[in-house]
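In what follows, a single structure is set out as structure tokens and then discussed.
The values are calculated or read from the model by the stated rules, or taken from the named source; none is laboratory data. Predicted model only: the values in this text are computed from it and were never measured. Ideal geometry is used to build each Cβ from the backbone, glycine not excepted, and the neighbour counts take in all protein chains shown. Areas reflect the complete protein model, heavy atoms only, side chains present, ligands, DNA and RNA absent. Shrake-Rupley method; radii C 1.70, N 1.55, O 1.52, S 1.80 Å.
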Amino acid sequence: MNSEVNAVRRIVVLGGGSAGWLTAATLAAELAGEGPDALQITLIESPDVPSIGVGEGTWPTMRATLRRIGLSEAELIRECDAAFKQGSRFDGWLHGGEGDRYYHPFTLPHGWGDAELAGAWLQGGRDQPFAQSVGAQPLVCDAHLAPKQTTTPDFGGVINYGYHFDAVKLGHLLQRHATAKLGVRHVLDHFTAVRSHENGDIAALTTREHGDIEGDLFIDCSGLASLLLGQHYGVGLRAQKDVLFNDSALALQVPHADAQAPLASATISTAHAEGWTWDIGLPTRRGIGLVFSSGHTDDADAERALLDYVQRNGLSLGDATPRRLRFSPGYREQFWHRNCVAVGLSAGFIEPLEASALALVELSAAFIRDEMPADRAGIELVAKRFNEAFAYRWSRIIDFLKLHYVLSRRDDADYWRDHRSAASLPDSLRELLQLWAHRAPSRNDFYRVEEVFPAASYQYVLYGMRFEPALRPLRADRLVAAQSCMKDVTTLTRRLLGGLPRHRDLVQHIRAYGMPPAA
């Protein structure tokens with residue numbers, strides 16, 4: 001076969017939702033069109049399979065993703081009940097007592113890379129939380145303020161941010177945008193079978209009403225079912241339940257107690273004996289759920305803990321009933337096999353903590369876009385690189401999530417005690433903790449260009465959880481430099497607290513008037 005016959009021109013995405021439509025839009029925005037080298041992108045979506053619809057938080061990377069595919073921030077906020085996310089707040093994770101709270105903000109510490117902030121904070125008495133000492137964002141979040149002003153352009157920020165939104169509405173917005181403006185073909189039909197080439201590659205996906213949909217590269221966005229990579233090719237999961245035990249969740253959507261109540265701009269993660277709850281504030285409602293391990297907590301106890309959280313926060317259930325979700329924590333042994341690559345839940349899922357799911361979709365789609373193979377021979381080379389990159393990313397995510405649990409001192413349930421057991425600790429994280437007993441996390445620990453979590457994120461969690469290292473005292477000049485940065489934070493915080501609008505006010509302004517165009 002000649003190179004033209006082997007050319008990769010037809011991309012078929014199986015599955016809609018946030019993962020499928022974000023992937024299709026990412027590829028179509030830059031690779032589709034009318035030219036001779038343009039790709040044809042088709043998305044097959046079942047009319048009967050609902051979106052899971054609970055992935056309601058993003059990282060700041062989503063701003064660049066939306067901009068590249070041609071969506072505006074105002075569209076997101078108006079059509080997806082969206083608000084701004086400035087990081088995560090952790091309540092009760094250390095011991096569960098009074099004052100047990102810390103932030104993992106999205107903004108890097110002030111002076112990051114130039115000053116030894118962790119050493120200065122540890123050496124200086126720790127009279128206030130680490131994140132608050134090195135940045136303004138925790139107090140901005142406490143004050144329910146926005147990360148930008150009404151005059152700040154689309155996707156610009158005074159401080160770093162991502163988004164909270166209705167995940168089902170996001171999927172619908174991406175669908176409309178991808179089909180109307182980016183040329184993605186939408187096939188609403190039931191997938192019934194795989195037709196293969198003699199060499200084992202996928203040749204086409206058979207549908208009930210539209211027959212065979214042929215392609216050169218197939219992207220599996222079919223969710224936890226993993227219909228192509230998992231079921232057709234039999235690529236198994238690398239189970240992680242021995243490291244991170246959660247395999248269940250209960251999810252609710254409840255109205256605000258007051259329609260004009262302050263709007264949180266951080267995901268609030270609260271630890272309980274039974275597991276932990278997420279609490280995400282959208283303009284019209286709150287998305288709340290409890291994540292737990294079925295090996296430690298049964299459904300009835302988990303539901304009681306969830307409803308108790310709702311009641312303690314002065315919220316009304318109305319007609320809402322908890323939706324039960326089950327998952328097997330793990331990731332695929334390979335993500336790209338032959339001419340099939342899995343993106344989203346079909347590639348794996350660990351748990352909702354730190355909202356890594358959509359970020360992995362962004363990273364996966366961008367990798368495929370940037371490394372799109374020209375022909376069948378190129379697929380093998382790109383697949384190897386993709387598998388290596390994402391095996392590394394998944395392992396880093398697991399280390400970072402486990403860090404939240406292994407540092408906890410809670411002693412009210414086996415759930416927390418078992419999470420601290422040496423047998424459940426990955427070797428890679430054990431080695432890092434040994435290093436961090438004598439120095440702060442640094443760029444030397446995470447050297448990839450696109451690290452999933454930078455060293456600063458590890459510092460926020462370590463010192464938010466009161467990790468006690470034995471660092472060498474800083475030289476006098478370095479201590480003075482770091483203390484100067486922290487004094488600057490005090491001034492910056494005062495300025496931001498006096499100059500930023502209320503979060504809810506900014507969202508309402510954008511819904512009514514939009515935002516200035518991006519520069």
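Across the range 124-144, a minimum of one residue is classified as over 30 Å from residue 481 (Cα atoms) and at pLDDT 95 or above. Taking the criterion of being surrounded by 14 or more Cβ atoms within 10 Å (Cβ to Cβ) and among the acidic types (Asp, Glu), the only residue of the range 383-404 that qualifies is 399. In the range 225-255, the qualifying residues are those that are open to solvent by 30 Å² or more (accessible area, probe 1.4 Å) and more than 27 Å from residue 387 (Cα to Cα), and the one that is nearest to the chain's Cα centre (by Cα) is 253.
Cβ-Cβ contacts under 6 Å between residues 6 or more apart (or on different chains), taken from a first residue in the range 241-268 that is in a strand (DSSP E or B) to a second residue that is β-branched (Val, Ile, Thr) and open to solvent by less than 20 Å² (accessible area, probe 1.4 Å), are listed as 249/291; 252/288; 267/280.
Got a number for residues in the range 127-157 being touching a helix residue (DSSP H, G or I) at 6+ places or on another chain (Cβ under 7 Å), among the β-branched types (Val, Ile, Thr) and within 17 Å of residue 73 (Cβ to Cβ)? Final tally of qualifying residues: 1. Entry remark, the range 217-240: residues being in a loop (DSSP other than H, G, I, E, B) and either in contact with a Phe, Trp or Tyr (Cβ under 7 Å, 6 or more places away or on another chain) or closer than 20 Å to residue 171 by Cβ (or both) number 3 in total.
Residues of the range 333-355 that are at pLDDT 95 or above and within 19 Å of residue 246 (Cβ to Cβ): 344, 345, 347, 348, 349, 350, 351, 352, 353, 354. In the range 410-422, how many residues are open to solvent by 30 Å² or more (accessible area, probe 1.4 Å) and not aliphatic (A, V, I, L, M)? Within the range 410-422, residues that are open to solvent by 30 Å² or more (accessible area, probe 1.4 Å) and not aliphatic (A, V, I, L, M) number 7. Per the listing 407, 429, the residue uniquely over 20 Å from residue 348 (Cβ atoms) and open to solvent by less than 30 Å² (accessible area, probe 1.4 Å) is 407.
A single entry from 439, 466, 472 fulfils the requirement of being in contact with a Phe, Trp or Tyr (Cβ under 9 Å, 6 or more places away or on another chain), of a type in the set (D, E, K, R), part of a loop (DSSP other than H, G, I, E, B) and open to solvent by 40 Å² or more (accessible area, probe 1.4 Å): 466.
Annotation note: of 349, 327, the sole residue that is open to solvent by 30 Å² or more (accessible area, probe 1.4 Å) and touching a residue at least 24 places away in the same chain (Cβ under 8 Å) is 349. Among residues of the range 185-198 being in contact (Cβ under 8 Å) with a residue 24 or more places away in the chain and open to solvent by 10 Å² or more (accessible area, probe 1.4 Å), the one that is nearest to residue 39 (Cα to Cα) is 185. Within this structure, residue 81 passes the test of being closer than 15 Å to residue 280 by Cβ, surrounded by fewer than 23 Cβ atoms within 10 Å (Cβ to Cβ) and in contact with a Pro (Cβ under 9 Å, 6 or more places away or on another chain).
Give me the residue from the range 256-286 that is touching a Phe, Trp or Tyr at 6+ places or on another chain (Cβ under 7 Å), polar (S, T, N, Q) and open to solvent by 10 Å² or more (accessible area, probe 1.4 Å) and, out of that set, farthest from residue 299 (Cα to Cα). Restricting to residues being touching a Phe, Trp or Tyr at 6+ places or on another chain (Cβ under 7 Å), polar (S, T, N, Q) and open to solvent by 10 Å² or more (accessible area, probe 1.4 Å), the top hit is 267. Strands (runs of 3 or more DSSP E) fully within the range 1-120 that include at least 3 residues being farther than 30 Å from residue 413 by Cα and within 26 Å of the chain's Cα centre (by Cα): 10-14, 40-45, 83-85.
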